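Everything below concerns the one structure shown next.
The values are calculated or read from the model by the stated rules, or taken from the named source; none is laboratory data. This is a predicted model, so every value here is computed, not measured. The protein model used for the area step is the full one, side chains on, heavy atoms only, and it has no ligands, DNA or RNA in it. Shrake-Rupley method; radii C 1.70, N 1.55, O 1.52, S 1.80 Å.
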Amino acid sequence: EWYLSAFWRREEGRRRATLFLTFVFLSVALTGILLLGVEGAHSSLGMWHYRIGLLTIVFSAWHIFRRISVLRKMLSGKRF
């Protein structure tokens, strides 16, 4: 339920960020699963997985950094 509300009940910028992060994560997961059937770490699929993985790391860190104040409030027990 919380995930669906991220798509339809939030501001436009947050919805786009959630959609993009979801798409990037699913891409990394899919290429990782497909890599199970490929021999060699230096295949073209492996390079795509690596590049998308780097993008996921950067975007996830940016996403967390933008919401650090909300995370702090949640950890301190305050309602936001």
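In the complete set of protein chains, residue-level accessible area for His49 is approximately 50 Å², probe 1.4 angstrom. Accessible area ranking (1.4 Å probe, heavy atoms, ligands and nucleic acids excluded), largest first, for Arg72, Arg67: Arg72, Arg67.
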